[in-house]
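The values are calculated or read from the model by the stated rules, or taken from the named source; none is laboratory data. Note that this is a predicted model, so its numbers are computed, not measured. Methodologically, a virtual Cβ is constructed for each residue, glycine included, from the backbone with ideal geometry; neighbour enumeration extends over all protein chains shown.
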Amino acid sequence: MLMLPTFLLFTLLVLGVKRLQRRGRRSPINENILRVPGYTLQRAQISSVFDIVENLLGVLLFPFLGYAAYKSVSPNIYLVTIVFSLMTGWFFYRAVRTFGIAMRLHQALDAETTAGQELNLLMRDGAWVFHDIPYQYGNIDHEIVSTGGVFAVETKGISKPTNNKNTSSENATVRIEREVLMLPHARSNKPITQAKRNARWLRNEIQRRFVLDVPVRAVVALPGWMIKGGFDGDCWVINPKRGNSLRGAVTKQLIGEEDAQMISAWGEDLARSVAPKSKEFDPRSEFG
């Protein structure tokens with residue numbers, strides 16, 4: 001009897017979907033959609049929200065289950081208390097841990113969205129800009145194709161410290177020394193290493209597919225930070241605001257216009273991989 005309302009709601013949901021699929025209409029979108037900045041992070045963030053809800057339900061449910069078990073079969077109260085307290089604590093720990101992950105994803109998503117929107121302004125200078133390119137080692141946050149070459153951009157959303165001993169500008173400045181990010185509160189070479197790996201893959205794929213040797217530049221984007229020494233090494237480190245840091249580079253004439261168009265068409269194929277959600281409600285005969 002307790003499951004009857006849930007069963008009825010599920011049945012109504014299935015019937016509603018069937019009715020939508022028989023309504024005699026279909027989605028006007030006939031091809032996949034380009035990936036937006038931070039698309040992978042968006043999906044991870046949605047998944048983390050469901051995980052939080054699931055764990056919070058466990059926190060709320062297990063005390064009642066423990067009480068029901070004790071009242072129904074009258075087992076040892078201490079055993080029931082210990083077992084169900086451990087289960088409740090486990091779900092609570094998972095909820096707190098997942099909440100921390102969701103907050104980090106939120107910051108990373110803000111950074112990728114910001115960088116993507118700023119880099120999109122380079123299209124006014126003739127560049128093609130694509131986002132969240134999936135490949136075997138993960139994804140390339142942003143790919144820029146132009147006559148000035150190809151740029152593999154890795155975005156990092158790094159929090160600024162609130163150290164009262166430093167000035168506000170010191171807390172917002174990152175120095176680049178020997179391809180290491182020297183932050184006010186830490187140092188790391190991982191973003192540069194990741195950007196160079198992405199650029200190397202792009203370069204190798206372009207050579208393999210088009211037999212072209214074009215310049216592919218690794219770039220790390222740090223939205224909101226002031227950069228010192230960002231153009232000293234093989235990997236550039238930039239603040240992507242307004243695309244100004246790359247505007248001079250993308251307008252150079254290092255590769256031919258036709259070659260740039262071929263590479264951009266391939267980049268578009270990689271980025272155009274999101275199936276329209278509205279197609280799920282198309283009539284069955286029109287799937288595919």
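Within the bounds of segment 207-215, is there any residue that is out of contact with any His (no Cβ under 8 Å at 6 or more places or on another chain) and surrounded by 21 or more Cβ atoms within 10 Å (Cβ to Cβ)? There is no residue in segment 207-215 that is out of contact with any His (no Cβ under 8 Å at 6 or more places or on another chain) and surrounded by 21 or more Cβ atoms within 10 Å (Cβ to Cβ). Quick check on K71: is it modelled with pLDDT under 95 and touching a Phe, Trp or Tyr at 6+ places or on another chain (Cβ under 9 Å)? When the stated conditions are applied, K71 does not pass them. Sub-7 Å Cβ pairs linking a first residue in segment 27-51 that is under 23 Å from F130 (Cβ atoms) to a second residue that is crowded, with 17+ Cβ neighbours inside 10 Å and of a type in the set (S, T, Y), at least 6 apart or interchain, are P37/T113; G38/T113, ordered by first then second residue.
Evaluation of I263 against the conditions (1) surrounded by fewer than 20 Cβ atoms within 10 Å (Cβ to Cβ); (2) within 29 Å of E31 (Cα to Cα); (3) touching a residue at least 40 places away in the same chain (Cβ under 8 Å) shows that the sole unmet condition is (1).
Screening K196 on (1) at pLDDT below 95; (2) on the phi < 0 side of the Ramachandran plot shows it passes everything except condition (1). Counting only strands (runs of 3 or more DSSP E) wholly contained in segment 181-243, the ones carrying 3 or more residues that are over 12 Å from V153 (Cα atoms) occupy 226-228. Only one entry in A95, A111, A127, A115 is over 30 Å from A249 (Cβ atoms), buried (at least 17 other Cβ atoms within 10 Å of the Cβ) and of a type in the set (A, V, I, L, M, F, W, C), namely A95. Applying the condition of being of a type in the set (A, V, I, L, M, F, W, C) and in contact with a Leu (Cβ under 8 Å, 6 or more places away or on another chain) to segment 131-160 and asking which residue is farthest from L254 (Cα to Cα) yields I158. Selection of segment 149-181 for residues being among the β-branched types (V, I, T) and either within 19 Å of A111 (Cα to Cα) or within 28 Å of the chain's Cα centre (by Cα) (or both) yields V150, V153, T155, I158, T162, T173, V174, I176, V180. Scanning segment 21-52 for residues that are surrounded by fewer than 17 Cβ atoms within 10 Å (Cβ to Cβ), outside any helix (DSSP H, G or I) and modelled with pLDDT of 90 or more yields N32, I33, L34, V36.
Can you confirm whether segment 101-114 contains a residue that is more than 17 Å from I46 (Cβ to Cβ), assigned to a helix (DSSP H, G or I), in contact with a strand residue (DSSP E or B) (Cβ under 9 Å, 6 or more places away or on another chain) and at pLDDT 90 or above? Looking through segment 101-114, at least one residue is more than 17 Å from I46 (Cβ to Cβ), assigned to a helix (DSSP H, G or I), in contact with a strand residue (DSSP E or B) (Cβ under 9 Å, 6 or more places away or on another chain) and at pLDDT 90 or above.
On the basis of being in a helix (DSSP H, G or I), among the hydrophobic types (A, V, I, L, M, F, W, C) and either in contact (Cβ under 8 Å) with a residue 24 or more places away in the chain or touching a Cys at 6+ places or on another chain (Cβ under 9 Å) (or both), does A249 make the cut? Full working, then the answer.
Values: in a helix (DSSP H, G or I): yes; among the hydrophobic types (A, V, I, L, M, F, W, C): yes; either in contact (Cβ under 8 Å) with a residue 24 or more places away in the chain or touching a Cys at 6+ places or on another chain (Cβ under 9 Å) (or both): yes.
So A249 fits the description; yes.
It is to be established whether one or more residues within segment 80-87 are free of Cβ contacts under 8 Å to residues at least 24 places away in the same chain, surrounded by fewer than 19 Cβ atoms within 10 Å (Cβ to Cβ) and not in a helix (DSSP H, G or I). No, segment 80-87 contains no residue that is free of Cβ contacts under 8 Å to residues at least 24 places away in the same chain, surrounded by fewer than 19 Cβ atoms within 10 Å (Cβ to Cβ) and not in a helix (DSSP H, G or I). Only residues that are farther than 21 Å from G229 by Cα and either assigned to a loop (DSSP other than H, G, I, E, B) or among the polar types (S, T, N, Q) (or both) were counted across segment 129-178, and they come to 10.
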